[in-house]
Protein chains: 2
Amino acid sequence: MPVGTLATVKTLDPTDLVAMGASMILGNAYHLHLRPGDELIREMGGIHRFMGWNGPILTDSGGFQVFSLATLRKIAEDGVEFQSHIDGSRRFFTPESVIGIERNIGADVIMQFDHVIPGQSEEVPSRDASERSIRWAARCLAAFTESAPADNPDLQTLFPIVQGGIHPHLRREAAHTLTGMHDWVGFGIGGLSVGEEKPAMYEMLDVVNEALPRDRPRYLMGVGFPEDLIEGIRRGVDLFDCVAPTRMGRNGAAFTSQGRLNIKSARYRNDPLPLDENCDCSACTRFTRAYIRHLFVSDEILGLRLLSLHNVHFLLSLARAARREILAGMLDAWSHDWLSRYHSKSPIK
Amino acid sequence: MPVGTLATVKTLDPTDLVAMGASMILGNAYHLHLRPGDELIREMGGIHRFMGWNGPILTDSGGFQVFSLATLRKIAEDGVEFQSHIDGSRRFFTPESVIGIERNIGADVIMQFDHVIPGQSEEVPSRDASERSIRWAARCLAAFTESAPADNPDLQTLFPIVQGGIHPHLRREAAHTLTGMHDWVGFGIGGLSVGEEKPAMYEMLDVVNEALPRDRPRYLMGVGFPEDLIEGIRRGVDLFDCVAPTRMGRNGAAFTSQGRLNIKSARYRNDPLPLDENCDCSACTRFTRAYIRHLFVSDEILGLRLLSLHNVHFLLSLARAARREILAGMLDAWSHDWLSRYHSKSPIK
């Protein structure tokens, strides 16, 4: 899912996303609550109409942002008091208030409010945050059920989030407890790719995906890079989101089948090749590295847009390829080949 | 002609321009010589291929930029020595070297190198610059003829530029002398909209268009705003270019049939209307003022793009409307109505 934090996938137009075959995008309740305000979005007919995107949208609850962006946090069982990173205004988020915000925004899938901790946390704080997240899942569910529109109770769906840090037994426990709490449509897997080592992340995915019901989609939150997609899909993950393709694109970095490329490098000054010779995106089929480098060197916005387009297309294509291989029963061999090819290439920089 | 100074119409994609019905765009020899370099563009197959635009392109010679952007100018009969506004490097432009640059870039219409002076200049400096521009037109023509590709001499065409400041007799003289010099395909009208009063500009247009051959297109350089387009078309102008639609768009200002609108204003916070209710551009048919304002307030690039799209579309539509009215023999009545409606509306800001 391309990330549209503030109701726009940075530098891209909804028509670009449709053309690339994006089927679902992300918004963020914390950011949209602060700007432009969730009540304004409701007044404007909900986020789909507001941002001109007719496909499915998922909103993260902002748990991650409250714990990474906001300042002067006071965490209590009831909720979290914090200062906005925009204007320093004091805010108080509870599981119930966040469900209210996500109801106003109106995404199709909304995430519970959770307690996110750093990736390397010890067992005690990990257990504490995981168990609080489970209690908050129950409160979110109650608020969600109570606020369901009478004429269309399934207008939105709520996903709980499995936490537990890098502690397998906490992850397993969280997955089991949440599974027993309700017949959820799908599950989030949170608190990964937040500073822990990659092998720890993969181990947690193995544990969680084993513990979750097999017929429900799992969403690995905030992940990831091309290799993370493959590793996640191998372990049963269905949904991903990450700001990397657009953020890296705006910084001049392109994902390619030959590793990462920094278009600002002088070596591309007169390079007539596309960003990636194996790519059929609308940047690679029309423009040379030399042209895109010129745009970056000259601070031209089209450059940011073309690299964002390319990177989002790269990840969407990768996910589509994995889906094809799953259906063909070939995921294991294909992903093994893909990863060893990707890792063996020295980045062309 | 939408302006693509650095081989990109700022914030827009060539496909946007095609969709809006833009038929010809602009590049700038001064800017492209400095970045990425005209020789690089030639090496990459010329500007059309470089920037992915298959329609006609016109390059301004950079006369205006040498006299407005560059520093430490030394003007002599041979040419102009100046410092690049990018890196301070010393450069020397002559009519011959500029033709070489424009040959390398490879636009369809290329402009002569001219001597541009401030809009309020007195007669003596105006005569001096106008007569030098005429002598430089002759030198450009010689260099252009000499450098014509043997297999395709009409690959590009050269336009001279009528100067003469705000002095009718100098303008008339320049138009007559240039017309007698060569059977030009078209003519530029330069040195207007550079600080003089609007009535002076309109008077010069009346004089010049009367003096130029009726069957050759006239290009009013660096103009303009919606009302300037109408006033210019009434006086026989066929081609225009101006950075206003994209520059104003990036600053949050939109042309509308009700005057100018500044989308950053708090009054549009929850405004469900499009930028202009009478507009069918791809911004107005999809997005509200509230959404576009949110994008600007949040520094989102899509906002810059949508306003640029809208403004370019506004001017292209206006030019198309004028063409229809000319063909219907109704230009006079239509333009009179349009201007009085446009001027009577108090800007909604």
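Within the accessible surface of the protein assembly as shown, defined with a 1.4 Å probe on protein heavy atoms only, the carbon and sulfur portion equals 52 percent.
A Stokes-Einstein calculation at 20 °C with viscosity 1.002 mPa s, built on the Kirkwood radius of segment A:255-334 over Cα pairs, returns a diffusion coefficient of 159 µm²/s. For chain A, a Gaussian network of Cα nodes joined below 10 Å ranks A:138, A:29, A:76 by mean-square fluctuation, and the top entry is A:76. Across all directions, the shadow cast by the convex hull of segment B:288-349 built on its C-alpha atoms averages 5.1 square nanometres. Its residue count N fixes a reference of 2.2 N^0.38 Å for segment A:68-146, and the Cα radius of gyration divided by that reference is 1.15. Equivalent-ellipsoid semi-axes for chain B (Cα gyration tensor, √(5λ), whole Å, largest first): 34, 24, 19. Compared with the direct C-alpha span, the chain from residue B:157 to residue B:216 gains 20.0 nm at full extension, assuming 0.36 nm per residue.
Annotation for segment B:48-92 versus segment A:55-122: alpha-carbon center distance of 52 Å. Share of pairwise Cα-Cα distances greater than 13 Å in segment B:43-82 is 65 percent (whole percent).
Relative contact order for chain B using alpha-carbon pairs under 8 Å, separation at least 6, rounded to a whole percent? List each step's numbers first, then the result.
Numbers: 629 pairs, mean separation 45.0, N = 349.
Relative contact order here is 13 percent.
Once you charge only the Cβ atoms, +1 for Lys and Arg and -1 for Asp and Glu, what is the size of the charge dipole of the protein assembly as shown about its Cα centre, to the nearest 20 debye? Could you put the intermediate results ahead of the total?
Numbers: 74 positive and 86 negative charges, 97 e Å.
Computed charge dipole of the protein assembly as shown: roughly 460 debye.
When the gyration tensor of the protein assembly as shown is built from Cα positions, what are the square roots of 5 times its three eigenvalues, in whole Å, from largest to smallest? Each semi-axis is √(5λ); the values are 57, 29, 20 Å.
Shielding of peptide B:237-246 by partners, expressed as the average count of other chain Cβ atoms within 10 Å per residue Cβ, is 0.
Could you give the accessible area per residue of segment B:1-89, probe 1.4 Å, as a whole number in Å²? It would help to have the intermediate numbers written out before the result.
On the way: 3220 Å² over 89 residues.
For segment B:1-89, the solvent-accessible area averages 36 Å² per residue.
Just the accessible area per residue of segment B:199-257, please: how many Å² with a 1.4 Å probe? Don't skip to the answer; put the middle values down first.
On the way: 2070 Å² over 59 residues.
About 35 Å² of surface per residue is accessible.
Here, P(r) means the percent of Cα pairs in each 5 Å bin from 0 to the largest distance; for segment A:207-250 it is 5, 23, 29, 19, 13, 6, 4, 1.
Any idea how far the Cα center of segment B:306-320 sits from the one of segment B:215-239, in Å? If we compute the Cα centre of each part, the gap is 16 Å.
How long is the gain from residue B:148 to residue B:339 if the chain were fully straight, where each residue apart is worth 0.36 nm and the alpha carbon distance is subtracted? Intermediate results must be reported in sequence, preceding the final value.
Details: separation 191, 0.36 × 191 = 68.76 nm, distance 4.39 nm.
In short, 64.4 nm is gained.
From other protein chains only, count the Cβ atoms within 10 Å of every residue's Cβ in B:268-277, then give the mean. Intermediate results must be reported in sequence, preceding the final value.
Numbers: counts 0, 4, 6, 1, 5, 0, 0, 0, 0, 0.
The shielding value for this peptide is 2.
Taken residue by residue and averaged, Cβ atoms of other chains lying within 10 Å of the Cβ of B:42-50 number 3. Picking from B:226, B:95, B:213, which is most flexible by a Gaussian network model of chain B using Cα springs under 10 Å? Of B:226, B:95, B:213, the Gaussian network model singles out B:213 as fluctuating most.
Can you work out the FRET efficiency for the pair residue B:258 and residue A:69, with r the C-beta to C-beta distance and R0 = 56 Å, to the nearest 0.05? The pair residue B:258/residue A:69 has a calculated efficiency of 0.90.
Which residues' amide hydrogens lie under 5 Å from the amide hydrogen of residue B:157, considering only partners 5 or more residues apart or on another chain, with H built in the peptide plane? The list, which skips near neighbours in sequence, is B:109, B:110. Buried accessible surface for the B/A pair, both sides summed and rounded to the nearest 100, is 3000 Å² with a 1.4 Å probe.
Suppose only helical runs count, i.e. DSSP H with n ≥ 4. What mean residue ellipticity at 222 nm does that imply for the protein assembly as shown under -39500 (n - 2.57) per run, divided by all residues and rounded to the nearest 500 deg cm²/dmol?
Details: 28 runs with 316 residues, N = 698.
Value at 222 nm, helices only, nearest 500: -14000 deg cm²/dmol.
Calculation over all alpha carbon pairs of segment B:208-349 in 10 angstrom steps from 0 returns a P(r) of 12, 39, 30, 15, 4, 0 percent.
The values are calculated or read from the model by the stated rules, or taken from the named source; none is laboratory data. Small disclaimer: the values here were computed from a predicted structure and weren't measured. For neighbour counting, all protein chains shown are included, and Cβ atoms are generated from backbone atoms with ideal geometry for every residue, glycine included. Surface areas here come from the heavy atoms of the whole protein model, side chains and all, with no ligands, DNA or RNA. Shrake-Rupley method; radii C 1.70, N 1.55, O 1.52, S 1.80 Å.
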